[in-house]
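Report on one structure; see the data block that follows.
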There are 2 protein chains.
Amino acid sequence: MSGPRRPPAAENTQQGIRRRNLSLVLHTVADHGPLSRAAVAGRIGLTRAAVSSLVDELIRTGLLTDLGLEQSGTVGRPGSALSLSDRGPCGIGAEVGVDHLAAVAVDLRGRVRARATAEVDNRGRPAGTVLAELAALIDRVGGTARAEGLRPAGVAVAVPGLVARDTHTVVRAPNLGWREVDLGAHLPYGPALTVDNEANLGALAELWLEGVPGDFVHVSAEIGIGAAVVVEGRLLRGTHGFAGELGHVPVRPEGPRCPCGGRGCLEQYAGEEALLRAAGLTAKGRPEGLLRARADEGDPAARRALRAAGTALGIALAGTVNLLDPRAIVLGGSLARLAPWLLPSLERELTRRTPQDGTPALTVSRLGTEGPLLGAAHSVIRTVLDDPTGHRGGASTRYSS
Amino acid sequence: MSGPRRPPAAENTQQGIRRRNLSLVLHTVADHGPLSRAAVAGRIGLTRAAVSSLVDELIRTGLLTDLGLEQSGTVGRPGSALSLSDRGPCGIGAEVGVDHLAAVAVDLRGRVRARATAEVDNRGRPAGTVLAELAALIDRVGGTARAEGLRPAGVAVAVPGLVARDTHTVVRAPNLGWREVDLGAHLPYGPALTVDNEANLGALAELWLEGVPGDFVHVSAEIGIGAAVVVEGRLLRGTHGFAGELGHVPVRPEGPRCPCGGRGCLEQYAGEEALLRAAGLTAKGRPEGLLRARADEGDPAARRALRAAGTALGIALAGTVNLLDPRAIVLGGSLARLAPWLLPSLERELTRRTPQDGTPALTVSRLGTEGPLLGAAHSVIRTVLDDPTGHRGGASTRYSS
């Protein structure tokens with residue numbers, strides 16, 4: 001994208017600059033650590049003295065740890081190696097799935113320190129009941145984390161639906177049967193709570209954990225089909241927070257009616273219900289295992305259904321590529337599992353419908369269905385790294401469970 | 001989009017901060033001027049003394065003008081009113097159209113100070129010949145601008161084709177018959193030259209001149225159909241610079257073959273050639289006038305052709321809206337002229353295929369075919385406002401025609 005962003009002049013105060021530099025030190029250690037103070041100074045272009053002062057503050061507030069003297073592998077005196085703290089703040093990620101609930105606690109180093117899950121069919125259950133169970137899982141992993149000396153710095157929840165931008169409100173999640181559910185009214189974490197669409201958080205997990213370069217489209221599916229668009233390392237959310245509704249891109253404009261009001265939407269060809277119907281199967285819970293098994297066994301109907309879904313995905317993604325020119329397309333969620341049977345027809349459509357010199361790389365997520373949950377936990381970690389001063393001292397009071 | 005951008009620590013030097021604050025003062029006067037020094041200080045949150053020092057530098061380098069004492073309409077002493085200079089740097093915008101060439105000079109206040117155009121059919125002419133004629137127009141408006149005391153600060157050229165990102169190279173412009181044409185080799189303006197797709201520059205004109213809020217899709221057409229995606233006030237360019245190829249979004253996947261290699265692309269239904277064919281017309285030059293006249297007269301074939309084009313545009317844009325959730329869609333270029341006959345069917349498709357609470361505003365550009373040329377000139381003005389220190393003193397040497 002073009003054009004600079006102009007920070008308000010207030011950002012250029014000594015305080016604003018120090019806050020940015022604290023964040024820069026933390027991110028540098030996160031990306032390249034363990035590092036000595038001198039190595040940090042070298043990387044970010046500040047003096048050794050300035051970096052030492054920043055590091056002292058970050059150690060004092062429990063974000064950095066001094067690991068002690070490191071071996072001298074390079075020129076100069078060996079420095080003391082800095083690492084992110086494994087006893088500082090942690091991020092709690094949680095997920096409302098159609099057929100499961102989950103929560104994890106992840107420390108600043110990115111290690112999963114606690115996990116709790118429940119297999120449960122959430123379709124049509126009252127949101128309050130579902131969210132009370134989710135809160136119990138969150139509190140369980142939060143308790144485990146605290147017992148290990150960690151401080152939960154926030155809770156991020158992944159949901160399979162549209163979330164109104166900058167709110168806690170799920171506008172609709174058709175596969176749960178939710179409309180206008182304010183998670184803030186059910187989950188007692190106050191301002192420490194954030195809520196986001198599962199495809200968005202899955203995309204952020206690819207970006208942060210898998211090193212996918214910052215211009216890509218992440219496609220995922222549970223029952224519906226969602227996508228997330230990442231541009232220059234940032235999520236494109238859209239005016240209302242509704243961007244990424246790949247499932248409702250028209251594939252055949254006179255095709256089958258879709259509950260959204262349109263016709264021939266991608267979901268009518270590649271959504272799980274359509275897939276099962278086309279394969280002549282019925283399944284409870286997650287059907288991708290059954291579909292994959294049938295296709296692997298050579299079942300012609302299953303293979304045909306997956307081939308047709310790949311074609312429809314390729315058509316919708318060809319439009320996406322012509323519009324957005326991403327560097328890569330990542331198939332995530334349950335699509336990752338089905339990829340071997342989707343890819344040939346998907347790639348064929350994509351190749352013939354996009355410019356030869358502009359066809360993006362097509363990859364399959366290694367995180368698969370784990371992506372959204374990990375992305376949620378890491379989104380909390382990122383808020384700590386981006387604004388370390390928001391978490392000094394009183395940090396634990398920000399999380400009020 | 002989410003997530004902060006971290007400026008490198010070097011940006012936080014005194015020099016970097018002063019440069020940003022100079023830009024902030026200029027943008028404030030550009031957006032809200034004429035303003036007194038005190039009013040500028042109030043708006044940007046710096047002290048009066050700091051602003052005075054910044055203003056002195058901007059007056060010395062010819063970017064701001066002191067208009068003298070303004071009437072006291074508000075509390076306090078009347079201040080001296082500041083305005084952008086009308087004798088400082090100017091931007092040169094130029095355009096290679098399929099059937100015309102044009103150049104304008106625009107001053108910092110946004111006034112067009114010189115203009116030169118030539119009606120000429122550029123289809124299949126050698127790029128060198130076309131660009132030599134364009135250079136002559138550019139030099140003519142540059143000469144007029146200099147005679148009025150302006151300093152051309154750069155030249156931006158709009159082209160109806162794909163431009164490789166951050167280069168001067170038109171990768172392809174099918175309607176001109178160009179492939180891999182490096183405008184830098186033909187236009188003698190060195191680093192003062194920039195080249196961009198006409199839909200991109202048309203979109204920037206809507207953003208900067210018409211005050212369209214910064215999340216929209218701008219659709220334009222000359223022979224082909226192009227679009228530009230603006231997110232949070234910035235152009236989404238894509239990995240290779242190829243974003244916005246709305247004309248090759250599949251509308252009916254088994255539809256007519258498209259020269260791009262796909263089938264049923266939007267251009268096969270709503271491009272000018274398809275429109276003329278469907279209306280049973282042949283036209284030289286710009287056909288939208290003829291089409292519009294026929295439709296206005298009640299010609300059933302012309303109306304049917306435009307209705308079908310509107311339907312196809314609506315289907316392709318429904319996909320776009322589901323993916324990007326823009327605040328508005330702006331019809332520009334020759335589509336603006338045809339809008340009355342396109343809009344009913346376009347709106348119908350868009351409404352039925354996008355969520356009720358997410359349908360964007362659909363507007364028609366008032367700049368029409370003027371947009372890209374004005375956007376080009378203003379893109380030069382913006383580089384001056386964004387980095388005033390790049391244009392001090394030696395500015396005139398940056399433009400070496």
Closest approach to the A/B rotation axis among chain A Cβ atoms, residue and whole-Å value: A:Gly319, 3
Spelling it out for A:Ile225: with amide H atoms placed in the peptide plane at 1.01 Å from N, the residues 5 or more places away or on another chain with amide H under 5 Å from its amide H are A:Gly247
For the range A:279-337, the dipole about the Cα centre with charges only on Cβ (Lys and Arg +1, Asp and Glu -1), to the nearest 20 debye, works out at 120 debye
Inter-copy separations for B:Arg125, label at 7 Å along Cα-Cβ, nm, ascending: 7.1
If I model a spin label at A:Arg277 and A:Glu297 as a point 7 Å from the Cα along the Cα→Cβ vector, what separation in nanometres do I get? 2.4 nm
Across B:13-26, the residue-averaged tally of Cβ atoms belonging to other chains within 10 Å stands at 2
Using modelled amide H (1.01 Å from N, peptide plane; none on Pro or chain starts), what sits under 5 Å from the amide H of A:Arg165, excluding residues fewer than 5 places away? A:Gly241
Overall form of the protein assembly as shown per C-alpha gyration tensor (a/c, 1.5; a/b vs b/c): oblate
With the Cα gyration tensor of the range A:167-279 giving a ≥ b ≥ c as the square roots of its eigenvalues, does the rule (a/c under 1.5 for rounded; else a/b larger than b/c for prolate; else oblate) give rounded, prolate or oblate? oblate
With a/c under 1.5 counting as rounded, go ahead and sort chain A into rounded, prolate or oblate using the C-alpha gyration tensor (a ≥ b ≥ c being the square roots of the eigenvalues; past the cut-off, prolate if a/b is larger than b/c, else oblate). prolate
Derived scalar couplings ³J(HN,Hα) [the range A:349-356; Karplus, 6.51 cos²θ - 1.76 cosθ + 1.60; whole Hz; x for Gly, Pro]: 5, 4, 5, 6, 10, 10, x, 3
Using a 10 Å cut-off around each Cβ of peptide B:245-256, what is the average number of partner chain Cβ atoms that fall inside? 6
Copies compared at A:Ala301 - label distances in nm, ascending, label defined 7 Å from Cα in the Cβ direction: 5.0
Residue-wise, which Karplus ³J(HN,Hα) couplings in Hz belong to the range A:26-31, taking 6.51 cos²θ - 1.76 cosθ + 1.60, θ = phi - 60°, and x for glycine or proline? 4, 5, 5, 5, 4, 7
Assigning unit charges at the beta carbon (Lys, Arg +1; Asp, Glu -1) and nothing else, what dipole magnitude in debye, to the nearest 20, does the range B:177-285 show about its Cα centre? 380 debye
At what distance in angstrom do the alpha carbon centres of the range A:95-109 and the range B:238-281 lie from each other? 44 Å
Farthest toward positive dipole pole in chain B [+1 Lys/Arg, -1 Asp/Glu at C-beta], among B:Ile381, B:Gly280, B:Ala135: B:Ile381
Dipole magnitude (debye, nearest 20) for the range A:211-365, charges at Cβ of Lys, Arg, Asp, Glu: 300 debye
Taking H as built 1.01 Å from N, whose amide H comes closer than 5 Å to the amide H of A:Arg113, not counting residues under 5 places away? A:Ala105, A:Val106, A:Asp107
Please give the Cα centre distance for the range B:305-349 versus the range A:165-220, rounded to the nearest Å. 30 Å
When the charge dipole of the protein assembly as shown is computed with +1 at the Cβ of Lys and Arg and -1 at the Cβ of Asp and Glu, the Cα pointing farthest to the positive end, of B:Ser365, B:Leu58, A:Gln268, is that of B:Leu58
When the Karplus curve 6.51 cos²θ - 1.76 cosθ + 1.60 is applied with θ = phi - 60°, which whole-Hz ³J(HN,Hα) does each residue of the range A:289-301 get, with x for Gly and Pro? x, 4, 4, 4, 4, 4, 5, 4, 6, x, 4, x, 5
To one decimal in nm, how far is B:Thr144 from the same spot in the other copies, if labels go 7 Å from Cα toward Cβ? Please give the shortest first. 7.4
From the residues B:Leu290, A:Ala295, B:Val231, which one has its Cα farthest along the dipole of the protein assembly as shown in the positive direction, the dipole being from +1 and -1 charges on Cβ of Lys/Arg and Asp/Glu about the Cα centre? B:Val231
Taking Cα atoms, how many degrees apart are the long axis of helix B:371-386 and the longest axis of chain B, rounded to 10 and kept between 0 and 90? 30 degrees
Would you tell me the mean number of C-beta atoms belonging to other protein chains that fall within 10 Å of each C-beta in A:350-357, as a whole number? 5
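Read the figures in this text as sums done on the coordinates, not as results from a lab. Everything numeric in this text was worked out from a predicted model, so none of it was measured. Cβ atoms come from the backbone with ideal geometry, glycine included; neighbour counts cover every protein chain shown.
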